[in-house]
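*Asks:* Here it is: the structure, laid out below.
Read the figures in this text as sums done on the coordinates, not as results from a lab. Quick caveat: nothing in here was measured; it's all calculated off a predicted structure. We place every Cβ from the backbone using ideal geometry, glycine too, and count neighbours over all the protein chains shown.
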Amino acid sequence: MRNIAANSAKTWLTTEGTTEGTMEMIMKIYEYRGFPNPSRIRIALGEKHAADKVEFITVDVPKGEHKEPAFLAKNPSGVVPVLELDDGTMIAECTAITEYIDHVFAGPSLTGSTPIQRAKIHMMQRRAEAYLLEPVNAYFHHATPGLGPRLETYQNKEWGEKQYERAIDGMRYFDKVLSQNAYVVDDEFSMADITLFAGLLYADFVKLAILTECKALLAWRQKVAQRPSVACC
Ligand SMILES: N[C@@H](CCC(=O)N[C@@H](CS)C(=O)NCC(=O)O)C(=O)O
């Protein structure tokens, strides 16, 4: 199960960039590289220039390793990614992992520095999940063969196909947002952009193309794809 790409952070930096200590801190990320949710974490780490400060461990999702007892003990939801800290603490859910990364490593904030920014980023990232990433996920698991018959034990094709329309509506919504702002929240790249970008990665995977009329969304995507954190995720 081990596929170690990088190792150990020796210095723990605060968001202000000051050194808080020299403790040996090993963060492990359980993931399946290239899948949309793990990509969210790789992008967040890339934005913080911290990808070399964690150990990536591959969980073989196509083979069902994420549903085996050893992994379910880490995350009872049976999904990747999961962050494991030195003391054995397990953090699942991309938003929670991103919050942690954002506060442990220096660099521009991904989750907002003021109460209003934080609230807006959380609201919009949740919309990116609810309007796009989750409908695409439901379409994949219900209206396509998904992860195959061994893992897809219940499928509702009609409901899955309905999610395709919801995802298209979500793209139209974000096109409108991005016709007014440079990024999903105002003019700063944030966790909300990461979630939307991952939703579009997933849409590509299920062959759900962005409508050509969504010009602002297409232009935003091209711009975000050029960020170093995204280019190497
Ligand atoms: N809400 C979770 C979603 C995680 C998720 O669905 N991950 C996918 C990979 S992109 C997964 O593990 N899927 C396996 C499955 O559904 O069986 C998060 O934010 O981390």
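*Asks:* Right, Gln155: over 17 Å from the mean Cα position of the chain (by Cα), buried (at least 16 other Cβ atoms within 10 Å of the Cβ), within 16 Å of the ligand (Cβ to nearest atom) and free of Cβ contacts under 8 Å to residues at least 60 places away in the same chain or not?
*Replies:* no
*Asks:* As an exercise: evaluate Ala167 against (1) more than 16 Å from the ligand (Cβ to nearest atom); (2) out of contact with any Ser or Thr (no Cβ under 7 Å at 6 or more places or on another chain); (3) among the small types (Gly, Ala, Ser) and give the number of the one condition it does not meet.
*Replies:* (1)
*Asks:* Which ones in segment 70-122 are in a loop (DSSP other than H, G, I, E, B), among the aliphatic types (A, V, I, L, M) and within 15 Å of the ligand (Cβ to nearest atom)?
*Replies:* Val79, Val80, Leu110
Every residue, every condition in (1) among the aliphatic types (A, V, I, L, M); (2) out of contact with any Cys (no Cβ under 9 Å at 6 or more places or on another chain), yes or no:
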| site | (1), (2) |
| --- | --- |
| Leu147 | yes, yes |
| Tyr173 | no, yes |
| Asp186 | no, yes |
| Ala192 | yes, yes |
| Thr195 | no, no |
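*Asks:* Right, another one. Return the total of residues in segment 201-222 being under 15 Å from Phe174 (Cα atoms), among the basic types (Lys, Arg) and surrounded by fewer than 17 Cβ atoms within 10 Å (Cβ to Cβ).
*Replies:* Residues that pass the stated criteria total 1.
*Asks:* Another question, then. Can you confirm whether Gly148 is in contact (Cβ under 8 Å) with a residue 24 or more places away in the chain, in contact with a Lys or Arg (Cβ under 6 Å, 6 or more places away or on another chain) and surrounded by fewer than 18 Cβ atoms within 10 Å (Cβ to Cβ)?
*Replies:* Here the answer is no, as Gly148 does not meet what is asked.
*Asks:* Condition first: without any contact (Cβ under 8 Å) to a residue 60 or more places away in the chain and hydroxyl-bearing (Ser, Thr, Tyr). Now tell me which residues in segment 80-105 satisfy that.
*Replies:* Thr89, Tyr100
*Asks:* Something else about it: Taking the residues in segment 39-69 that are touching a Leu at 6+ places or on another chain (Cβ under 7 Å) and small (Gly, Ala, Ser) as candidates, determine which candidate is farthest from the ligand (Cβ to nearest atom).
*Replies:* Among those that are touching a Leu at 6+ places or on another chain (Cβ under 7 Å) and small (Gly, Ala, Ser), it is Ala51.
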